[in-house]
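*Asks:* Got a structure for you, written out below as structure tokens; questions coming shortly.
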Amino acid sequence: MTNAVLSGIRVLDFGRYVAGPYCATLLGYLGADVIRIERREGGEDRFIAPVTPSGEGAVFLQTGSNKRSLTLNPGTPEGRKIIAELVKTADVVVANLPPLALTAMGLDEASVLALNPRAVLVTQSAFGDVGPYTRRGGFDGVGQALSGAMVITGTPGHPAKAAAPYVDFTTAVLSAFGALAALLERDRSGQGQRVDATLLGSALAVFNSHLIEQSVTGINRQGTGNQVQTSAPSDLFATRDGHVLVHCVGNGLFRRWAKLMGDEAGWTGNPLYQTDQSRADHSGPILARMREWCGERTTADALAALESAGLAAGAVQSPQEALDDPQAAALGLFTAVDYPGLPRPAQVVDLPIRLTRTPGGIRQRPPTIGEHTADILRELGYDEAAIADLRARAIV
């Protein structure tokens, strides 16, 4: 992939779980040479939701493509020496590790830039390295909880977390965005810098419009589950054989909905229904009519009528139905990725954006533990005897 955007860029992936690894994955999709550095027994994220006989999991299969694996014991002087040698060769170093761990491994900003002034250090943590929470750990759900999102997602007295780890993946995407910005700036200045992202920052950014409303109005909204609180009809509705989600925003779409319901003047002429917010505040009759309408139809019939009316709607699909969705197939979103021991190839979402002139994507399967250790050490100048000695002493 010589015409890829990041061809010739080397990325070191010291990431754990999602935010760091998927950041490196995105850079790898764009053509970077990504070296995953993990413990000799494999990193924790390698084994989440296991799908292979050896325990590799769904998370790793999503975040591991295009990477080479180097195993390393960073708690030894020799291990830290190899880290330093790798940093000297790197353009980007991704490390979502606690601040103390970064320093211990020589991956803090001062150490990295001393070794390689052109390097871009990308760090992710739950709460950053300043403030009262800096020593706390955190995962995606913690970010969701602290952002206020779980209150609105749930119902009164029953806050709910989204199953999709959107805080982790938002942090990964923002980190990759920051890495690209820092590389662009390096082309001008010749200098590297640190890009720092936090789960809390990502969670607050995604939920910010709700927080802005709260800060200005003090409204103290409570959760309404699937029902949107700022427009109507925007909710989940049962059909004869399933469910559809309908989202109607703006007067134009509401007029289309009213026409579809067969009483356009009765809805659009009602003074209670002149704005999105007023429709949401008085949504009872609107939602009742939509429930009645959907309940009389199959999912397919409801979607066909809604599409014909120009309204946004989608069927609630099972995970298997999502895999089989014809639109996903038309867009080529999934790539079949094999891995040793899999009973069938994994359906991995490839780079979910398309570049028309310099496309990226999956080039090779995720690596087995330490699959490329010897190759990478040879690139650093180690001969076969030295590599054998490092293996014998459990350094790699």
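Bear in mind these aren't lab numbers, they're just calculated from the coordinates by the rules spelled out. Keep in mind the model is a prediction, meaning the values are calculated, not measured. Using ideal geometry, Cβ is built from the backbone for each residue, glycine included, and neighbour counts are taken over all protein chains shown.
*Asks:* If ARG354 passes every condition in (1) among the charged types (D, E, K, R); (2) part of a loop (DSSP other than H, G, I, E, B); (3) under 30 Å from LYS88 (Cα atoms) but one, which one does it miss?
*Replies:* ARG354 satisfies all of (1) among the charged types (D, E, K, R); (2) part of a loop (DSSP other than H, G, I, E, B); (3) under 30 Å from LYS88 (Cα atoms) except (3).
*Asks:* Looking only at the range 333-344, count how many residues are touching a strand residue (DSSP E or B) at 6+ places or on another chain (Cβ under 6 Å) and closer than 10 Å to LEU61 by Cβ.
*Replies:* First, the residues of the range 333-344 that are touching a strand residue (DSSP E or B) at 6+ places or on another chain (Cβ under 6 Å): 333-335, 337.
Narrowing the set further to residues that are closer than 10 Å to LEU61 by Cβ leaves 337.
Residues that pass the stated criteria total 1.
*Asks:* How many residues does the range 110-138 hold that are touching a strand residue (DSSP E or B) at 6+ places or on another chain (Cβ under 6 Å), under 22 Å from SER189 (Cβ atoms) and surrounded by fewer than 18 Cβ atoms within 10 Å (Cβ to Cβ)?
*Replies:* Number satisfying all stated conditions: 0.
*Asks:* Confirm whether ASN73 is surrounded by fewer than 24 Cβ atoms within 10 Å (Cβ to Cβ) and in contact with a helix residue (DSSP H, G or I) (Cβ under 6 Å, 6 or more places away or on another chain). Before the answer, list the steps.
*Replies:* Values: surrounded by fewer than 24 Cβ atoms within 10 Å (Cβ to Cβ): yes; in contact with a helix residue (DSSP H, G or I) (Cβ under 6 Å, 6 or more places away or on another chain): yes.
Taking the combined requirement at face value, the residue satisfies it.
Conditions tested, residue by residue: (1) out of contact with any Lys or Arg (no Cβ under 7 Å at 6 or more places or on another chain); (2) closer than 18 Å to ALA162 by Cβ.
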| residue | (1), (2) |
| --- | --- |
| THR224 | yes, yes |
| ALA232 | no, no |
| GLY250 | yes, no |
| ALA258 | yes, no |
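*Asks:* Looking at LEU12, is it part of a helix (DSSP H, G or I) and farther than 22 Å from GLY138 by Cβ? Break it down into steps so the answer makes sense when it comes.
*Replies:* Details: part of a helix (DSSP H, G or I): no; farther than 22 Å from GLY138 by Cβ: yes.
For LEU12, the condition - part of a helix (DSSP H, G or I) and farther than 22 Å from GLY138 by Cβ - is not met.
Results for (1) under 20 Å from GLN193 (Cα atoms); (2) within 26 Å of the chain's Cα centre (by Cα), shown as yes or no for each residue.
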{"residue": "ALA4", "(1), (2)": "no, yes"}
{"residue": "GLY15", "(1), (2)": "yes, yes"}
{"residue": "ARG40", "(1), (2)": "no, no"}
{"residue": "GLU56", "(1), (2)": "no, yes"}
{"residue": "GLU85", "(1), (2)": "yes, no"}
{"residue": "VAL93", "(1), (2)": "yes, yes"}
{"residue": "ALA101", "(1), (2)": "yes, yes"}
{"residue": "ASP108", "(1), (2)": "yes, yes"}
{"residue": "SER111", "(1), (2)": "yes, no"}
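*Asks:* From the residues in the range 364-396 that are within 36 Å of the chain's Cα centre (by Cα) and hydroxyl-bearing (Ser, Thr, Tyr), which one is surrounded by the most Cβ atoms within 10 Å (Cβ to Cβ)?
*Replies:* THR373
*Asks:* Let me ask something else about it. Go through the range 230-289 and tell me which helices (runs of 4 or more DSSP H), entirely inside it, have 2 or more residues that are touching a strand residue (DSSP E or B) at 6+ places or on another chain (Cβ under 7 Å).
*Replies:* Values: elements: 251-261, 264-268, 276-281.
Correct list: empty, since no element meets the threshold.
*Asks:* Now for a separate question. Sort out which residues of the range 332-346 are loosely packed, with under 15 Cβ neighbours inside 10 Å and closer than 18 Å to ARG363 by Cβ, and write them in order of number. Quick ask: steps written out before the conclusion?
*Replies:* If we filter the range 332-346 for residues that are loosely packed, with under 15 Cβ neighbours inside 10 Å, which is where we start, we get 332, 336, 338, 340-341, 343-345.
Selection gives GLY332, ALA336, ASP338, PRO340, PRO345.
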